[in-house]
Amino acid sequence: MKHTISVLVADEFGVLTRISGLFARRGFSIDSIAIGASEELGISRITMVLPGSKNLIQQIINQLYKLINVIEVKDITHLPCIERELVLLKIKAPSSIRPKIIQIADIFRAKIVDFAHEALILEITGDPGKIVAIEKLLSEFDILEISRTGKISLIRESHVNTIFLRNQ
């Protein structure tokens, strides 16, 4: 199972190196990692997606807390969250198939951020399910390059779990 971990760290030189070193030494795998400033000056938020059992994730959390710059670690996998990812996707788009690609982009509210004679670059922002769905549809075309940010996530203050509501 994949887990989403949110980590608050003191924004100091080398903190990401220490975290990645911990993962390398212990043989832990990271599916995605995103880091940026948080709401508090001098504090950064790291969002990681990690594969593993509940016991392995607890071991990772315990190891992270041992690092000096780590302030807080939360497994937010099962909490009601807003999740987003950004993808830039370059697609070979000769004029014969360009309308079909543009139609798919419109349906998914993707932005065309570069338009060249034989290629398009799309910017897609959304939850991980949306990203997988549009990538699957666009895979029938010649995808030239993909760049992804990794998932970022914040816990809903309302604590309303929209996934639970969809199943009602």
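The values are calculated or read from the model by the stated rules, or taken from the named source; none is laboratory data. No experiment lies behind these values; they were computed from the predicted model shown. Glycine gets a Cβ as well: all are built from the backbone with ideal geometry, and neighbour counts include every protein chain shown. These accessible areas exclude ligands, DNA and RNA; they are computed on the full protein's heavy atoms, side chains included. Shrake-Rupley method; radii C 1.70, N 1.55, O 1.52, S 1.80 Å.
For the reader, a short list of remarks on this structure follows.
- Using distinct alpha-carbon pairs, which all enter the 1/r mean, Kirkwood radius of the chain in Å: 17.9 Å
- Each principal axis of the Cα cloud of segment 48-116 was taken in turn, and the coordinate range along them, longest first, works out to 56, 24, 19 Å.
- Reachable aspartates and glutamates from residue 66, criterion Cα separation under 18 angstrom, eight or more residues apart if same chain: 11, 12, 75
- Proximal lysines to residue 151, defined as alpha-carbon separation beneath 21 angstrom and excluding residues fewer than eight positions away on the same chain: 2, 54, 74, 90, 111, 130, 136
- Placing unit charges on the Cβ atoms only, positive for Lys and Arg and negative for Asp and Glu, gives the chain a dipole magnitude near 440 debye about its Cα centre.
- When only alpha carbons are used to place a centre, segment 105-135 and segment 8-54 end up 28 Å from one another.
- Rolling a 1.4 Å probe across the protein heavy atoms gives segment 25-168 an accessible surface of 63 Å² per residue.
- Distance-filtered residues of segment 105-123 - backbone nitrogen under 17 Å, label point 7 angstrom along residue 95 Cα→Cβ: 115-120
- Remark: accessible surface ordering of 107, 76, 33, 152 (largest first) is 107, 152, 33, 76, probe radius 1.4 Å.
- Summarising the amide proton neighbourhood of residue 31: residues at separation of 5 or more, or on other chains, whose placed amide H is nearer than 5 Å comprise 49, 50.
- Helix-derived mean residue ellipticity, 222 nm - over the chain, DSSP H n ≥ 4, -39500 (n - 2.57), to 500: -8500 deg cm²/dmol
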